[in-house]
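Structure record follows, encoded as structure tokens.
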Amino acid sequence: MPIIVNLDVMLTKRNMKSKELAEIIGITTANMSILKSGKAKAVRFSTLEAVCKALYCQPADILEYVED
Amino acid sequence: MKDNTKILAIITYVLLVASASILLNDIREFDFNQFKAFQNWTSTVNKNESWFRSENAIKWSYYAISVGLFFLRGYLIYGFAHFLPILKEVELGHYFSDKNIKNFKKIGNVFITYTINILVLRYFLSALNADSFHFLNELKIEFTFLIPAGLAFYILAEIFKRAKETEEENKLTI
């Protein structure tokens, strides 16, 4: 998948744990793990909005396009 | 939903038991003694006669076809039995499981194989009895619904396959 999820980087920058972020944005830790590992097939705009709001960042800070 | 599947499972069980008992009764009533007369094949066969036209060959063919027809009826019951695991999966909430897809395909296979084989055997049976066999009439009378039903199950299997993919994709949408 050429879309890379850089959630780990942003979490480290904001000194936040993934469990904490999952609680803030209202998703399960299992879904957070899917999102972090890049196994997710799609991300809802509502989830993206909640992540950006919680981490004070832009979507581009989390998602990156890398050519195969 | 759970109650509905239970009712459907009970109806399926009743139908299976009823059709199996009808089949067993038909086998019991089928007079196997009628073949005793030609069981001593080698002693009674007329060596000068061509094998295919000999009375023994015709009787044995009739016997084999009758057994084949019984076997195919059993095969159809086996096909119907595949509804039970589908209902079980639905009851468990696994609507688009691999098991369901496989069972739908199997039911489709059984329906189509049954219809084709029955038509072939009926053709042979009518040939033995020197009756006229009208393929289209035979197809129209009894089996018209089974071929479309078989195809419908194939289509259903394909739809369930796509639905499974969509369900998986939905699960991986965060």
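The values are calculated or read from the model by the stated rules, or taken from the named source; none is laboratory data. Note that this is a predicted model, so its numbers are computed, not measured. Please note: Cβ atoms are built from the backbone with ideal geometry, for glycine as well, and neighbour counts cover all protein chains shown. All accessible areas refer to the heavy atoms of the entire protein, side chains included, with ligands and DNA or RNA removed. Shrake-Rupley method; radii C 1.70, N 1.55, O 1.52, S 1.80 Å.
Overview of values
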| quantity | calculated |
| --- | --- |
| Unique residue being surrounded by fewer than 17 Cβ atoms within 10 Å (Cβ to Cβ) and either modelled with pLDDT of 90 or more or assigned to a strand (DSSP E or B) (or both) when the list is B:Glu158, B:Glu168 | B:Glu158 |
| In region B:82-99, the residues that are within 19 Å of the chain's Cα centre (by Cα) and surrounded by 18 or more Cβ atoms within 10 Å (Cβ to Cβ) | B:His82, B:Phe83, B:Ile86 |
| Close pairs from region A:16-44: first within 7 Å of chain B (Cβ to nearest Cβ), partner buried (at least 18 other Cβ atoms within 10 Å of the Cβ) and in a loop (DSSP other than H, G, I, E, B), Cβ under 6 Å, at least 6 apart | A:Asn31/B:Ile174; A:Ile34/A:Ala40; A:Leu35/B:Ile174; A:Ala40/B:Ile174; A:Val43/B:Ile174 |
| Given (1) more than 14 Å from every other protein chain (Cβ to nearest Cβ); (2) of a type in the set (Ser, Thr, Tyr); (3) open to solvent by less than 40 Å² (accessible area, probe 1.4 Å), index of the condition A:Thr47 fails | (1) |
| Per-region count, region B:1-18, residues in a helix (DSSP H, G or I), open to solvent by 40 Å² or more (accessible area, probe 1.4 Å) and touching a residue at least 12 places away in the same chain (Cβ under 8 Å) | 5 |
| Region B:148-174 residues that are within 14 Å of chain A (Cβ to nearest Cβ), paired with ones that are in a helix (DSSP H, G or I) and surrounded by 12 or more Cβ atoms within 10 Å (Cβ to Cβ) (beta carbon under 6 Å, 6 or more apart) | B:Ile174/A:Asn31; B:Ile174/A:Leu35; B:Ile174/A:Thr47 |
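A quick yes/no check of all residues on (1) closer than 21 Å to B:Lys171 by Cβ; (2) among the hydroxyl-bearing types (Ser, Thr, Tyr); (3) in contact with a Pro (Cβ under 9 Å, 6 or more places away or on another chain); (4) at pLDDT below 90:
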site: A:Met1; (1), (2), (3), (4): yes, no, no, yes
site: A:Thr12; (1), (2), (3), (4): no, yes, no, no
site: A:Thr28; (1), (2), (3), (4): yes, yes, no, no
site: A:Ser46; (1), (2), (3), (4): yes, yes, no, no
site: A:Ala50; (1), (2), (3), (4): yes, no, no, no
site: A:Lys53; (1), (2), (3), (4): no, no, no, no
site: A:Pro59; (1), (2), (3), (4): no, no, no, no
